[in-house]
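The values are calculated or read from the model by the stated rules, or taken from the named source; none is laboratory data. Keep in mind that what you see is a predicted model, and the values were worked out from it rather than measured. With ideal geometry, Cβ positions are generated from the backbone for all residues, glycine too; neighbour counts draw on all protein chains shown.
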Amino acid sequence: MSVEQTLVLIKPDGLKKSLTGNILTRLSETRLEIAGARIVRVTRELAEEHYVALKDQPFFQGLIAYIMGELHERRKVMALVYHGEDAIKKVREICGATNPEEADPLTIRGGYGRITTSGIYENAIHASANLEEAEREIKLWFYPDELVYHIYSVQETELKDVKRLVWA
Ligand code: UDP
Ligand code: MG
């Protein structure tokens, strides 16, 4: 066992059904620590990059619409990084199987997921499946300074001509 980090997304159905608190409570059973958290408006670009491995699947366009919040009038997800021993497996176990009908009813997906009439698995939560996916996904959703613990190397760099919003 080693210290790992894993990306969790509370998907738009989870937010719309007001399940954030319940899902975070379930995840706290893992005794892992939260290393970062943010509410993110998911652009098409981010959605497609996140699910790039599934781009040839017949449900891909539906999945992109789902994760962007187009099916739930909630154009946002909650992104979290969980940190600790064996984090990837511990979080996946409590999420349950991808198909909410097959997921153990005591898991998050078993309790809160559903299959839409168009066949999309609305399963309330995403969790990285393995070490490689976790690293790719964490680096996609977070900058290093948004995490309080680092397990991947970081470097300091000076950015020139970077525009950002500041308080007016
Ligand atoms: N998905 C779906 N139908 C499928 C397979 C997957 O709607 O037949 C959706 C579901 O929301 C799932 C996501 O696509 O969580 C990503 O699929 P993946 O196979 O990576 O499952 P996960 O890693 O989320 O368990
Ligand atoms: Mg997956």
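Things to note:
- Number of positions in segment 85-136 that are within 11 Å of ligand 1 (Cβ to nearest atom) and aromatic (Phe, Trp, Tyr): 1
- All positions within segment 111-167 that are touching a strand residue (DSSP E or B) at 6+ places or on another chain (Cβ under 6 Å), in a helix (DSSP H, G or I) and of a type in the set (A, V, I, L, M): ALA134, ILE138
- Among residues of segment 49-65 that are β-branched (Val, Ile, Thr), those with a beta-carbon under 7 Å from a residue that is within 7 Å of ligand 1 (Cβ to nearest atom) at least six positions away or on a different chain give the pairs ILE64/TYR51.
- A residue that is surrounded by 20 or more Cβ atoms within 10 Å (Cβ to Cβ), hydrophobic (A, V, I, L, M, F, W, C), more than 23 Å from VAL148 (Cβ to Cβ) and out of contact with any strand residue (DSSP E or B) (no Cβ under 9 Å at 6 or more places or on another chain) can be found somewhere in segment 99-109.
- Of all the criteria given as (1) surrounded by fewer than 16 Cβ atoms within 10 Å (Cβ to Cβ); (2) more than 13 Å from ligand 2 (Cβ to nearest atom); (3) charged (D, E, K, R), the one not satisfied by GLU122 is (1).
- Within segment 70-88, considering residues that are surrounded by fewer than 16 Cβ atoms within 10 Å (Cβ to Cβ) and over 23 Å from SER18 (Cβ atoms), the one farthest from the chain's Cα centre (by Cα): GLU85
- Residues of segment 129-149 include none that is touching a Gly at 6+ places or on another chain (Cβ under 8 Å), within 16 Å of ligand 2 (Cβ to nearest atom) and modelled with pLDDT of 95 or more.
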